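Note sheet for the following structure.
The values are calculated or read from the model by the stated rules, or taken from the named source; none is laboratory data. Nothing here was measured: the structure is a model prediction, and the numbers come from that model. Glycine gets a Cβ as well: all are built from the backbone with ideal geometry, and neighbour counts include every protein chain shown.
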Amino acid sequence: MHQVFDFNSMPEDSKEPVCTYRVFLSDERSADPERPILVLDNRTGEWPHHAGGVFMNPVKRTAFVFSDTQASTDILRIDARFTSLLKWLGENHIPVRLSGRNMPEGYCVYRIREAAYGGASKLSAEDGFLQFMIERLFASDAPQGDPVPEEEKEETGDDMKLTSLQSITDFLVCAGRTLPDNIRLWARRNLAVANSNEVTQEERRHAQRALSMMMNIQWKADYFPSIDMEEARRILDSQLFGLDKVKQRIMETIVQINRTHTLPAYGLLLVGPAGVGKSQIAYAVAQILQLPWTVMDMSSINDPEQLTGSSRIYANAKPGLIMEAFAAAGQSSLVFIINELDKAAAGKGSGNPADVLLTLLDNLGFTDNYIECNIPTGGVYPIATANFKDQISTPLLSRFAVIEIPDYSDEEKKTIFRRFSFPKVLARIGMREEECVITDEALEAVIEYCRGTTGIRDLEQAAEHLAANALYHIEAEHAGQVVYDGERARRVLN
């Protein structure tokens, strides 16, 4: 809990409803009696642990009526994220069951479920929406500005998707100011189009599709929680051999995030020869940040419209790859892994895809031609890979912190083969370590086989080749163990 706003009651002789509750701002991700969703007045008597009833419109004095006694009580406090939801429950007369505890400050409600009708055990579809809505609100940040509910005129639900106009309408009403202002206004306009009889069926379909995509994305604030430094180091050491300077740069970035609680202004650009593990580094960083990631291969993108989407004036219009990445992640905070950035300037269509990337990387918001709404990008962390830095345009290069990744030495490749590549292959094909033995001479043969290439991909291919050959002798010829010396390894690899 961060702040509490106290609303003055109206004069007793006023005919307008009287607001009896205070609204508090919270970023808690769950509720319990000490961190409730709302608090009811229990000065006239304690309420039961599970209490059924109906919410009245929360701007009225008697805000909850108990079904068994028809007694009514005031709401004393509400988490600002839930005011619009309670208003929706009251206006639609949806019976609910509260779970709460009587505390010194009142009856602290920490769970809300829809009550089954007629004593039935199965809850209706509305409860699925209600639980979906509650989870989304807990995942949201506290509304911006003064949470004045009068000004808002507007068992799990995690698998639910908002597709119908009714569910989208209900969601928009319940979400209230937990949605960014520009997205909330955009949604109202598109909802009007989707419900209009004055536009074509195609326009209504596009509006509903855009609404479904946008409302199913969790729009997060720029605040980024602290990262466990020891766990980050463990992830890097378990997935990357050597590369101490690279790991140091990544750890410095994490320290910066922990100090500012925001993502850095610049993404990472990993430059190095093919096969040195640039993509693996990017995946490790995404794992450390605990964010979903999406991969864009710039060598396969030759038209900016692939990234920006197409206008709704076309019957086959659709969103671009960037917007689809947000939709697939289900949230606005994610890692964009941009492979082969040095090929981004090779556009063959009506424009340059690199120009689209500049808009995304500036963190000023991104507009998809199909969605037609400015998407906040403060939670986007770009990690790009490239083989040649000098083939990247200066404007693109200036938006990244560059990390040079050298090729591995022969000694490093030997260690990687023994500790990572070969054990991984053996585990994948179900072989025990003692069934296939690689001598030091055989390891030298492997390094000779890979000498003309960069990176470690050929190491893994050599490991696969040797293990498969050993498995054949074990299964087909009933050999108990296969030992590779230098000559035998060269014969298999060559």
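Before moving on, here are some points about what is shown:
- Subset of the stretch 353-388 [more than 14 Å from G272 (Cβ to Cβ) and in a strand (DSSP E or B)]: F366, T367, N374, I375, V380, Y381, P382
- One residue from D362, D368 being under 30 Å from T260 (Cα atoms), assigned by TED's automatic domain parsing to the domain that holds V271 and surrounded by fewer than 15 Cβ atoms within 10 Å (Cβ to Cβ): D362
- Looking at the stretch 389-494, the strands (runs of 3 or more DSSP E) lying wholly inside it that each contain 3 or more residues that are more than 30 Å from R249 (Cα to Cα) and out of contact with any Gly (no Cβ under 9 Å at 6 or more places or on another chain) sit at 436-438, 482-484.
- Only strands (runs of 3 or more DSSP E) whose full extent lies in the stretch 33-106 are considered here, and the ones with at least 1 residues that are of a type in the set (V, I, T) and under 19 Å from G176 (Cα atoms) are 75-79.
- Residue within the stretch 341-359 that is under 29 Å from A139 (Cβ atoms), of a type outside the set (V, I, T) and buried (at least 22 other Cβ atoms within 10 Å of the Cβ) present: yes
- Residues satisfying the criterion are present in the stretch 329-345 (criterion: among the aliphatic types (A, V, I, L, M) and within 28 Å of N190 (Cβ to Cβ)).
- Yes/no for M10 being out of contact with any Ser or Thr (no Cβ under 9 Å at 6 or more places or on another chain) and at pLDDT 90 or above: no
- Verdict on T253 being among the polar types (S, T, N, Q), within 30 Å of D407 (Cα to Cα) and in a helix (DSSP H, G or I): yes
- Residue list for the stretch 55-101, filter: touching a strand residue (DSSP E or B) at 6+ places or on another chain (Cβ under 8 Å) and on the phi > 0 side of the Ramachandran plot: H93
- Scanning the stretch 218-239 for residues that are assigned to a loop (DSSP other than H, G, I, E, B) and either among the charged types (D, E, K, R) or surrounded by fewer than 19 Cβ atoms within 10 Å (Cβ to Cβ) (or both) yields K220, A221, D222, Y223, P225, S226, I227, D228.
- Some residue of the stretch 294-307 being outside any helix (DSSP H, G or I), surrounded by fewer than 19 Cβ atoms within 10 Å (Cβ to Cβ), touching a strand residue (DSSP E or B) at 6+ places or on another chain (Cβ under 9 Å) and of a type in the set (S, T, N, Q): yes
Conditions (1) at pLDDT below 90; (2) under 43 Å from the mean Cα position of the chain (by Cα); (3) loosely packed, with under 14 Cβ neighbours inside 10 Å; (4) under 18 Å from V276 (Cα atoms), marked per residue:
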{"site": "G430", "(1), (2), (3), (4)": "yes, yes, yes, no"}
{"site": "E433", "(1), (2), (3), (4)": "yes, yes, yes, no"}
{"site": "D440", "(1), (2), (3), (4)": "no, no, yes, no"}
{"site": "Y449", "(1), (2), (3), (4)": "yes, yes, no, yes"}
{"site": "D458", "(1), (2), (3), (4)": "yes, yes, no, yes"}
{"site": "L466", "(1), (2), (3), (4)": "no, yes, no, no"}
{"site": "A476", "(1), (2), (3), (4)": "yes, no, yes, no"}
{"site": "Q481", "(1), (2), (3), (4)": "yes, no, yes, no"}
{"site": "V492", "(1), (2), (3), (4)": "yes, no, no, no"}
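- When the stretch 19-69 is limited to residues that are among the small types (G, A, S) and under 20 Å from I134 (Cα atoms), the one that is surrounded by the fewest Cβ atoms within 10 Å (Cβ to Cβ) turns out to be S30.
- Of A384, A445, all but one fail to be crowded, with 19+ Cβ neighbours inside 10 Å, among the small types (G, A, S) and not assigned by TED's automatic domain parsing to the domain that holds R249; the exception is A445.
- Any hit, the stretch 363-377, residues being over 27 Å from A282 (Cβ atoms) and touching a Pro at 6+ places or on another chain (Cβ under 6 Å): yes
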